[in-house]
Amino acid sequence: MLVRGKQTLTTLSGIVLGTAAFIIISGVLLGFRGYLVDQLINADCHVRISPRQEIIQPDSMDDLFPGENVFWLSPPSGKRGSTHLNKASLWYERLDRDKEVQAYSPQVSGRVFLFSGSNQETGKIIGIIPSRQIQVTPLADYITEGSVESLSAGNRIILGDGLAKFLGLGLNKTVWISSGYQDKTPFRIAGIFRSGNKALDDSIAYGLLSEVQLLTAQSGMVTDIAVRLKDVNLSLQKAEEWRNMGDEKVLSWQEANTSFFAIFKLQDAIRYSMTAAILTVAGFGIYNILNVIINQKKREIAILRSIGYRPNEVLMIFLLQGLILGLSGGIIGLLIGFLVCIRIETLPFTNPLFSAKATTMVVSFAPAIYLQAFAQSMVATLIASWIPARSAGKLSPIEIIRGE
């Protein structure tokens, strides 16, 4: 291999590049994935229980109006189902008995109009019980001014910082709110929160459960129950279990964010495909080098065979040369990938999905990434080396002499 130094160096570079690229790409993607999942888990409840609503199809009324002679002038359409939980108290009992539940918080929500002078904004108001809500979501940690507990004073509201800016209001100022069912009601701003999720910060307001029920004409009603589990990994399992207990819509945090997980799968496909392409090119380089060496060393192979070397022993000689390339390239690639990841971790980064303050890049240094990278380089090398090495082992002294 040293005789063909330039080609050997090129092939070695390919293995190094493939290994390092896999580590760097995986480190960045998996690091960001872990950060994003952490944001999703901590920003909201683990499981949400809400009313089930279904789209009405033309055949949805077949049970009520059966028969081939029934014809609709205007087919049934729209949606059916309740806008609130009809068995909220039953769910409270179930959740109180469930040992896997850490806390739960009943909520009522509705669309509202917010007014401040000539400024008008639309948003969503969520009625909560402060002492319960802070056990389910990190709302208290998001408060930048005021406090969650001050909602209990009555006619108080907490606004997202984006919504407060749109209205030109600050702490202890008054905002007028209407749900469209009654006249505008004044609320004093008891707090301002910033979750980091711009979509929420620009449109969400929190109020006391009983007051929001009156404001949205949903007296005594609950539209959601937010649940936090002791073990977040049980979210899917508990959601499925509770789904079978009634007609309500029960979603785990994973099911509520399926679009993100689809992106994660696409990312995995891209990083594995990219690495496979680079290592395949490097593998062809190893294959070509060994083929050339075998053709140049046929006389030596004949001598080895004539003095008693078996085919498997000849195979191992050439296979070892390929594995030396793979081992060297893999180790160098691991080191380069690790050093580049350390450098990337110091770069400034602002998450486009969350408007939180800028931080540094999040990179994963999971041992599994490095084991996979090294294993892939060795497997690619082994496959590329095996074919020419096997053909060398099959050569017999007589065939070599005839060929000469």
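Before moving on, here are some points about what is shown:
- Members of the range 216-244 that are without any contact (Cβ under 8 Å) to a residue 24 or more places away in the chain and among the polar types (S, T, N, Q): Ser219, Asn233, Gln237, Asn244
- Of the residues making up the range 131-148, those that are small (Gly, Ala, Ser), under 19 Å from Ala103 (Cα atoms) and over 27 Å from the mean Cα position of the chain (by Cα) number 1.
- Considering only residues in the range 209-258 that are among the charged types (D, E, K, R) and within 16 Å of Ile129 (Cα to Cα), the one that is farthest from the chain's Cα centre (by Cα) turns out to be Glu211.
- Boolean, Gly160 is assigned by TED's automatic domain parsing to the domain that holds Asp98, at pLDDT below 90 and either touching an Asp or Glu at 6+ places or on another chain (Cβ under 9 Å) or not aliphatic (A, V, I, L, M) (or both): no
- Within the range 11-51, the residues that satisfy the criterion of being part of a helix (DSSP H, G or I), crowded, with 19+ Cβ neighbours inside 10 Å, over 15 Å from the mean Cα position of the chain (by Cα) and not hydrophobic (A, V, I, L, M, F, W, C) are Thr11, Gly14, Gly18, Thr19.
- Residues located in the range 93-130, provided they are of a type in the set (S, T, N, Q) and under 28 Å from the mean Cα position of the chain (by Cα): Gln102, Ser105, Gln107, Ser109
- Matching residues, the range 337-396, being small (Gly, Ala, Ser) and at pLDDT 75 or above: Gly337, Ser364, Ala366, Ala368, Ala373, Ala375, Ser377, Ala380, Ala384, Ser385, Ala389, Ser391
- Residue match in the range 320-336 (condition: farther than 16 Å from Leu382 by Cβ, touching a Gly at 6+ places or on another chain (Cβ under 6 Å), crowded, with 17+ Cβ neighbours inside 10 Å and modelled with pLDDT of 80 or more): no
The values are calculated or read from the model by the stated rules, or taken from the named source; none is laboratory data. Since we're looking at a predicted model, the values are computed, not measured. So basically every Cβ, Gly included, is an ideal-geometry build from the backbone, and we count neighbours across all protein chains shown.
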